Structures are given as C-alpha cells and as structure tokens.
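Below you'll find the structure, written out as structure tokens, and then a few comments.
Every number in this text was worked out from the coordinates using simple rules, so none of it is lab data. Values in this document were obtained by computation on a predicted structure and should not be read as measured data. Cβ coordinates were reconstructed from backbone atoms using ideal geometry, including for glycine residues, and neighbour counts include every protein chain displayed.
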Amino acid sequence: MNGLGIGRYVLGWQLVGLAGFLLLPWYAVEDGFWGFGWLFDGYPFDPDYAPAIVLLLQGAKPWLWPIAGFLLLPALALGRPSTERFTQNVLLLVGGLGVAYILGQGFTVGLRGWNAGFLEAWYGPLGDRQFGMGYGALLAGTGLFFLFTLGCAARGAVNGDGFVVGSIGLIVMVVALFIFFPVARILISALQTNEGLFSLAALLDKLLTGKIWGLDCVYSHRACGVAWNSLALAVAVGAGTTLLGLAFALVVTRTGFPAKRLFRGLTVLPIITPPFVIGLALILLFGQSGAITQFLEAAFGIPASRWLYGFSGVWLAQMLAFTPIAFLVLIGVVEGVSPSVEEAAQTLRADAWTTLRTVSLPLMRPGLANAFLLGFIESMADFGNPMVLGGNFNVLSTEIFFAIVGAQYDQGRASVLALVLLFFTLLAFYAQRRWLGRKSYTSVTGKGDAGIAVPLPGRFATLIFGVTIPWAVMTAVLYATILFGGFVNLWGLDHTLTLRHYIDAFGITVGDHGWVWSGGAWNSFFTTIAISAISAPLTAAIGLLTAYLLVRQRFLGKQAFEFGTMLSFAIPGTVIGVSYVLAFNVPPLELTGTGIILVISFVFRNMPVGVRAGIASMSQLDSSLDEASLTLGASSWQTIRRVVLPLMRPAILAALVYSFVRAMTAISAVIFLVSAEYDMATAYILGRVENNDYGLSIAYSSVLIVIMFVAILLLQLLVGERRLGRRSAAKLEIGGQPA
Amino acid sequence: MTVSFGGRASSVRFEGVTKAFGEVVAVNAISFVVEAGSLATLLGPSGCGKTTTLRLVAGLELATAGRILIGDDDVTGLPATRRDVSMVFQSYALFPHMTVIENVAYGFVVSGTPKAEAHAKAELGLELVGLKGYGPRLPSELSGGQQQRVAVARALVLEPQVLLFDEPLSNLDAKLRRRVREEIRDIQQSLGLTVVYVTHDQEEALAVSDKVIVMRNAEIAQEGKPRELYEQPADRFVADFIGDANMVSADILSVDGTHARVSIGGVEVQVPSRGLPVGPVQTAIRPESVLLDTQGGEGLAGTVLKTAYLGKHMEYTVDSPVGELFVVDERVHAPLAPGTGVTIRFGDRIALVVG
C-alpha cells in the first residue's frame, strides 16, 4: 500500500486535460458558458468552436503545440511509485510549466496578435490572434494544475495528502486569479498614461491632484478633495455608529427594557436591506417634497431646504444603515464583560457609575475600537447612499464610478481613486487585525461564572433610553415608509393608494401566446435570483473548504493563506468592480458582459462569510473526530464527506442563505458588471432612482426586502435563533462588508 | 472469527525519531521497540511528548527525522489513512451523527466493504466488548463507560497491526477506571494485540503494562518492566515519578558482588549495588520503607512534624538528620501525634540512583 494510490489520480487529471485539448472548443464560445448551440453549428471544424488539436491541424495558432507535450508527458510518471524522485519531478515540472505556459501564451497573444510591442519588434508581426479562453483551455489548465499539486503531495507536502494539497492549490489559484490579479491590474492601470506607456510620473500626476487631496473647503466655498470627504464621512460614521451601537447594546444586555427583543430584531435589517434603500426612504421623509418636510412647512413655516443632499444626508443614511452592525458587534462585547468582575468591583465599594467607568467600559475598549473600524470601512465602501444623497458632495466610491461609467471614461483616474480607497480600507483592516487581533479583554470564561450584571446608573440609563428609543422609532418609520411608499401614486404630491408601481414592475398579462411577464422588473428579478442561487452554493463550498483548511490543516504559509482569503472583506465593492472591468474585458479571460463575472464577483466578495461561518462551527467540532476517521482508514475527502459535513449542516445552511441574500443586496461591484442581458435588481432600482421614478424603486425594494426577510426567517426556523445570532456576529466580526 | 482479531499484531520500532513543531521540539531523537503482542505504556508528566509519540505511531503527525517501523515495514512517510493502526481517543471521538453500529462499521465502509458485511463484522466487535444489541443506539444514548467500549470496538474490529490508546480512562470516574483498565488488559492479552498506551497515571501504567516507557522533556527517561522502574529507577526523576520516593544522600561503604552496604546518616542497609563504586550516592527511599519506632533502639532520631489519616494508612512528615522524610505507615490504630520523637530505621525498598 506504500504510495501506489497516486497513479489513478495522475491518469484522471491527465485525461481531463487531454479532453480539454482534444474534444472541447479551446476558445470561449460567443453564446455564453451555458450555451450549447455550438454543438450543432460547425463543431468541430469551425475555428470558433474547434478544439485545440483541430486548430493546430488546420495550421492555426501554432503556439498551442507545446501544450500537447505538457499533457502527454505525465504518462512517464504512470505506474511508478510516487516516492520516486523522478515521478515527483515529472509531475511538478509538467504541471507547473504547463499552467504557466497556458497563462503565458494567453497574456502574450491577444486580439491583435502580440500583446506587447517589444515582442512584435523581436519576432515580427504574428499574423494570427486569439480570443478569450473557453472550456478547452479551462479543462487543460485544470488538469495540468492538479497534476502539479499531486506532484507537491508526492513530495510530502501536507503529509502527502493529495486532496488537501489540491484544495489549497485550488483556493490559492482562484484567489490569485480573481482577487489579486484584478487588484494588480488596477495598479498597472494607474501607472499607465492614457497612451499605454508606463510612467511613475503619470501616477503621481493623477494621484496628487487637488480633486483628490484639495483642502479648499477649509478656507473657501469650494469643495474639498474627495479623499478628505470620504475620510471625514467615514470617521463621523464610525464614531456615531459606535456610540449608538453601544447605547443599544447596553439597553439590550443591561436593562429590563421590555422591547429588548424588538431591538435585537434591528440587527437583521442591514442584512436584508439593499444599502441605498435607506437613502431612498430618507428622501421620501426629508427630501424637498418629503412627508416630514412638508409637515414642518405647513405647521411651523419652516421652508424646505436641500440639507439632505450632501454630507449631512449621507451621514444620516449611513448611520441608519450601519448602526445595527455596530450594535451586533457590541452586544457580544458587552456580554463579554463578566458580571462577576463588576460584582467584584462593587464589593470593593465602587458604586454603579464608578464600576461602569472604571471597570466595564475599559474592558470594552477593544470591542469599541473594532466597532469603530467596522463603521469606518463600511462608510468608506458604501456606494449606494452617496449616490442617492450625495448631491455635490463627492466621495471616492462615487467618483470611481463616474470616472469609469460617465462621459469621461478615464481608466487611469478610476484606478488612482480606487487605489486611494483601497489604501484607506486596507489600513483600517490591517489595524483591526494587527492591533485588535491580539487584544482580548473577554472576561467571561467557559466556567459557569454566575453573577448579575450591575444595573446602569440612573441618569446614564435615562440618557441611553432618550437616544435609542427615538432612533428605533425612526428606523421603524423609515421601513414603514418603504413598505407603504410603493402603494401611493406620487409620493409627496398625490397620496391616493394605487397598485400602479407594482403592476409596472411585476405585471403579468395574458396575451395571445399565454402569459407574458410584462412588468419592467421581471428581467432583472429573474437574473438576480438565478445569479444569487448559482453563486450561493459556490460561495458556501469555497468558504467552508477554506475554513476546513484553516482550522484543520497545518501547512507552510498558512498565515499568508488566511490573510489572502480574508482580504476581499476589506476591498470595497467599487474597487472590485473597477478591477474586474480592467482585468476581464480582454483575453485571455474575457468575462465582462457575461453572467459568469457576476457569479465570480459574488463568490469572492462573499467568500469570507462562508469562511467565518465555517471556522466558527468547525472550531466547535472536536478535531479528534477527524483524526479518528483518518486512523480508521478514511481519506481526508471521505472524512469531510462522512464526518465533517454532516456535523456542519447548520453552518452550511447559514452560509448558503447569507451568500444568497448578500448577492441580492449587493450594489457597488455589481453596478460595474451588469449588462443589458444580465441586469441585477439593485442596479435596476438605482437606475430608476436616478430617473426620479421613486414609486417603482420603492415597490421593487419592498419586494426584495420581503423576500430576504422570509429567507432569513426560514433559516431561523431551520437552524434556531441562537445559532443564527452567533453566526451573524461571527460574520461581522472581521469587518462587515459593504454591499 | 472473534479470536482472529489479534492475528496481525506487529511490533513497533522507533529509530532516532524527532518531531519538531517549528522551533519547539516535541520529541527528540527517541528510539524504542514494542514487541508484537505486548502492551507498552508511554508515561510522563504533561508536555513530555508522550501524546506526540503516540500520534507519530498513528501517522497523525509525521516525523521530522528518524525512522518508524511497524512490523518490517518502514511507515515513516505514511499518513494515518494509509497505516494499519487504530486509535482509541481520549474523548472517544465517536461520530455523534452515526449509530453505534455505524460507528464501529465505519472503518470497513470507508474502505469499500459492502454495508451488510461491514455491519456483521461490527456486530462481532460489539459482542467482544459486551455491547451486543446496542448497535441501533446513538452514542449520546450510552453511558461514558459504554461509549468507551464502542470506541475500543471500533478500533479493534479493523484488526490493526497496532492498537493505540490515548489516556482512555481519563474521562471515567475512579471506580470505573480500575474495571475498564482490567478489561483492556484482558482483551489485549486474550487476542494477543500490540498496544501502545498513553497515560500520566503511574499506577495505571504499572498495572497494565508489559513495558513502561517513561518520558521527560521530549526524551525517554527510562524504559523497562514495571518492577524494574519501581525498584531500579534510572534517576531522581523516574524514582520520584513512579511512586513516591524520598531522595536522600548516602554513602556506599562496601560493594560485595551485586550488593552494597550503604550508610544513610549512619544507619546501614544492604541494597542491590547496581554496579556503583564505593563513595557518595543518591538513594530513593520509598515511603513505606521508612520505619518509625517509638520504643527507641538503633536508628536515626527524628520528630513527627505533620500527620494525616487516609483510611487504609497514615502519612507522616518526619524531620530527621538526613532531611524531611515522607512516611507511609499502615498502623492506623496507633497514630503518632505531631511532635512525637521517633527512631527511624529503613526497610529494603531502597534504590540506589545511578544517574
């Protein structure tokens, strides 16, 4: 039994690779990944659909020949024991070089022949070109890649476990391809002049402009640079949400307030609400023709103003949107302060206020800092609210969008702005991990330590109630507005009840040929459901696999691996959006305008959700269960399938639902990636908002909120409330993610 | 069929095996042999490397250096899955989502045995540990002792070359411990299994083992039969760890073949010489070998400092010219009060310490 098992895996991956080379269309087919029209449309001889081997025999694309060699060579390793140096070297070299070659040829030969001028200068014009990679290239590359990981395993990496090495390799590869490569593309783009030449001066020129760093607003009426706008807003939102969140957390954990459960229910709101919906509701209430504005004008003669459109409005919207996140984090923090510590303080003659001031609050300090950084990152990355309420107040995320979507179409400027935004969020992310990761003041231990929390001192309690209750009422009014607003004819002017907006959006008419989905929202609605449903299981799978590797395996570079997989949390959606546009609209990975790019963006943006859920639940599984399975002769894959997965059902379910819901509410990355064919609900709604079509926008938003609320409710019923709470706390622990 | 469970028992051989986790060396170049069909215990304080050693046998850790052989096969590079070794875990590690019979049959099922056959074999295993008929239950429906037996059955039915136990008794209450450890020893002997057993309880180790390997700081302090360790400890550490011992400086007056005359503070005793020359020496005096007499006579003069009544014996701390001595005395009817003056003599449970 000594190391013979590897042969059939080598053969298997070799066959996969060869199938890609010999049977399937090498290049991407026009009608999409799931279109199979090519089967009947000239395959296999039409050059658009031909497998690599047919292309080569036709005399085209000669640079593909070496790939045939890479795919045949592993046969040398067949039938030899994996412990032999020769076998290991064959697999490592063939797999490694093969993958490198496929990627290399993809990047060097593009739509117009050679991609780089110097290659043309050296070798002369190529006289041939190639498109984005398709099934064939994907399979060939996959086969070669796993031959490489088999080689690593044979060398003894991770105890020679082929499955684990393969999984690590897979995740490193996809994270590199879909997170690091696009972000690197931003950097490259920022360094390029508009003519495509590299120049540090061009970068500095674009970076050090007054539009980004200007401080005019300090001494004049002109606007400040967008970087300062973003920074000021983020600090204000971080501080505000932390204070409010703390107030809510204290009410829920330290008082006998009867509506505690309702307060806790607030925490679920940001999960199910597309972020800009808050902004929208604020317009309905405080906009120039908003309900409250009109009331104030009629009752007290206060004239309507545009105060909502600018810093104050965006700040208010973000406060409403992100306070629940701080609240959720701080519940855990406040509960982490052991009552027995407070009791100890009291037996030492401290009164309630002194105890709070000298013991409880200092113990919460790291948690407060964490909540602040979360609010900071959320605000920095938020796209929807500044878009809806910003007016002349520009922030980085919206500027990026206008740079790339607006008339200017300036990739370089978008890239530079994205870099600045990325710099801020990464800095906060880094601070959170470096500085807070080490400090834990949690004083509740596993031992049942009893004790009753010290009640809040009277005046302080009054203050807290005075803040939280009106805020909760306002939140309730906002949501009521959203749900109600969809049923009135024209908000602010004509409040007659109507179903008009719902019919506009979701109308179904019975025509000559049966039912017609005549509502304007159906297209984006179905796309959203489909894309979310496809990406949810992928997100859960890749997230949980990553969690398994992090919790259960020891391997070289694990810390870097963890950092890399968690990094996408800190990358704002706008940055991901820009980077995908830059990286994936030319061969070899030509994905823009497809549904795949949406799925991929969701998978990698929501991956940390799955990772966190997986880590939380896997840490509770005794690792001796895995070890028992291994010593009983099960392979690591069998162990996962038969022992780990069945025991993690709640985590899997939670990861599935959350990634589904988050995909439905996401906007910032999506807005760059949608196309006419693949429009998403949030992008569609935002488009309607910009056209001042509030009725339909609100109706559509309410439908989304209700659907997601039902999804979360179902999950809660299936998994149980406690688990859900923990899960979402775990999810947000590291950095709530901007939608 | 039941009798064949131990048919494939093999020896275990470590040759200079080292395991390092980064900078930390958990096991440092150790070598030992466990004969086929015998029970060896790895004994030592926590953090001494005994569990790591066991996991090295299992393949749950792979050695940084050295060779590990099971039978005649070099398994050094093989991970747990590919080794013919089963393990009973401290926490039992029963799969909570599977029934008892599914747990026991797991090893067969994952290796592709048809389910019916796997369950039939598992049933035999359950019978062997006295849990016939418990198959359809879930592990959570069993008592701690029963769960433990399921874990043993699950490991046993695969007829491993080596069976490993990681502190199998630590989750049982004191009374059950004695019974279960006897059962384990019975099964091991009647089936002729090779067993490697980890414990930190020296009494448990002495009771069940053919060989005890005492570990300290990632190295083997001493290995041998239980009696050898108790009566001829290699050094202070082993003397102290296996049973209690008073470490007292003494002088070897003369050596006569295998015996030596030793003076302990002037009191002469005759003990096995262990090849030591005339001169100063450390002795390990077992507490039951310190004899207290209130009637006077020859011996060291001492004073009782503390006393404790433990039911079946008395424990005293006695001040003497050779230092404070810890004494166990079975005469519970006539306890000595603190402050009593006593004459101290020594019995024959005294070992000269070589190292």
If I stretch the segment between A:A121 and A:L713 completely, what's the gain in nm (0.36 nm per residue apart, minus their alpha carbon distance), one decimal?
206.8 nm
Which helices pass in chain B if a helix is a full DSSP H run, must span at least 15 angstrom along its long axis by Cα, and must have mean Kyte-Doolittle hydropathy not below -0.5?
B:100-110, B:115-128, B:144-156
So for segment A:6-155, considering every pair of alpha-carbon atoms, how many percent are separated by more than 24 Å?
37
Which value results for Rg/Rh of segment B:2-231 when Rg is the Cα radius of gyration and Rh the Kirkwood radius based on the inverse mean 1/r?
0.96
Which entries of B:K50/B:K225; B:K50/B:K121; B:K211/B:K306; A:K558/B:K50; A:K558/B:K19; A:K206/A:K558 have Cα-Cα distances beyond 25 Å here?
B:K50/B:K121; B:K211/B:K306; A:K558/B:K50; A:K206/A:K558
On Cα atoms only, tilt of A:85-108 relative to the major axis of chain A in degrees
70
Determine the gain in length on full extension of the stretch A:T462-A:F423; use 0.36 nm per residue of separation and subtract their C-alpha separation, reporting nm with one decimal.
10.0 nm
On a 0 to 90 degree scale, rounded to 10, what angle separates helix A:181-191 from the longest Cα axis of chain A?
80
At 7 Å along the Cα-to-beta-carbon direction for both B:Q270 and B:D348, put a label point, then send me their distance in nm to one decimal.
0.9
Relative contact order (percent, whole number), chain B, Cα cutoff 8 Å, 6+ residue spacing:
17
Per residue of A:619-628, other chain Cβ atoms within 10 Å number on average 6
Quick check: Cα centre of segment B:97-152 to Cα centre of segment B:13-44, how many Å?
31
Using a 10 Å cut-off around each Cβ of peptide B:90-99, what is the average number of partner chain Cβ atoms that fall inside?
5
What does the charge add up to near B:N103, with Lys and Arg as +1, Asp and Glu as -1, over the other residues with Cβ less than 12 Å from its Cβ?
+3
How large is the convex hull of the C-alpha atoms of chain A per residue, in Å³?
201
Measure off 7 Å from each Cα along the Cα-to-Cβ vector at A:L497 and A:D128, then give the distance between these two points in nanometres to one decimal.
7.0
Counting other C-beta atoms within 10 Å, and keeping those with at most 12, which DSSP coil chymotrypsin sites (Phe, Trp or Tyr not before Pro) do you find in segment A:370-417?
A:Y409
At R0 = 22 Å, how high is the FRET efficiency between A:E677 and A:V405 if r is their beta carbon distance? Nearest 0.05 is fine.
0.80
Helix A:522-552 versus the longest principal axis of chain A: what angle, 0 to 90°, nearest 10, using Cα atoms?
80
Cut-off of 10 Å, at most 14 other beta carbons, DSSP loop: longest stretch of chain A lacking such GluC sites (Glu not before Pro):
A:196-676
If every Lys and Arg gets +1 and every Asp and Glu gets -1 at its Cβ, then about the Cα centre segment A:6-155 yields a dipole, in debye to the nearest 20, of 680
Say each of B:E141 and A:L15 gets a label point 7 Å from the Cα, pointing the same way as Cα to Cβ; how far apart are those two points in nm?
4.4
Per-residue mean of other chain beta-carbon atoms within 10 angstrom of the beta-carbon, peptide A:632-643?
6
Any idea how far the Cα center of segment B:307-348 sits from the one of segment A:43-77, in Å?
91
FRET efficiency, 1/(1 + (r/R0)^6) with R0 41 Å, evaluated for A:L76 and A:T193 via beta carbons:
0.25
Which value at 222 nm does the protein assembly as shown reach when only helices count, each DSSP H run of 4 or more adding -39,500 (n - 2.57), with the total divided by all residues and rounded to the nearest 500 deg cm²/dmol?
-16000 deg cm²/dmol
Not counting the cut sites, what is the longest span of chain B without GluC sites (Glu not before Pro) that DSSP labels loop and that have at most 11 other Cβ atoms within 10 Å?
B:24-297
Check chain A for me: any Cys whose beta-carbon has no other cysteine beta-carbon within less than 4.7 Å?
A:C152
Cα centroid separation - segment A:486-507 against segment A:368-437, whole Å:
35
Below 8 Å, C-alpha to C-alpha, sequence gap of six or more: please give me the relative contact order for segment A:49-97 in percent.
28
Once the Cα gyration tensor of segment A:446-576 is diagonalised, what are the square roots of 5 times its eigenvalues, in whole Å and ordered largest first, as equivalent ellipsoid semi-axes?
43, 35, 14
With an 8 Å Cα cut-off and a minimum separation of 6 or more residues, compute the relative contact order for segment A:213-485 in percent.
29
Within the under-13-Å Cβ sphere about B:R331, not counting B:R331, Lys/Arg +1 and Asp/Glu -1 give a net charge of -4
Calculate log10 I(q)/I(0) of segment B:245-353 for q = 0.11, 0.16, 0.17 Å⁻¹, where I(q) comes from the Debye formula with a single equal point scatterer on each Cα and nothing for solvent.
-0.34, -0.68, -0.75
Gain upon complete extension [A:L39, A:T108; 0.36 nm per residue less C-alpha separation]
21.9 nm
What's the Kirkwood radius of segment A:213-485 in Å, using all Cα pairs?
20.5
Here, segment A:581-686 modelled as identical Cα point scatterers in vacuum has Debye log10 I(q)/I(0) at q = 0.11, 0.13, 0.18, 0.24 Å⁻¹ of -0.52, -0.64, -0.87, -1.20
Whole-number value, in Å³ per residue, for the convex hull of the alpha carbons of segment B:110-227 is 136
Sites B:D74 and A:L23, calculated FRET efficiency, Cβ-Cβ separation with R0 30 Å, nearest 0.05
0.10
If A:D161, B:D210 are placed from fewest to most neighbouring beta carbons inside 10 Å, the sequence is B:D210, A:D161
Stokes-Einstein D in µm²/s, Kirkwood radius over Cα pairs - segment B:315-355 at 4 °C with 1.567 mPa s viscosity
106
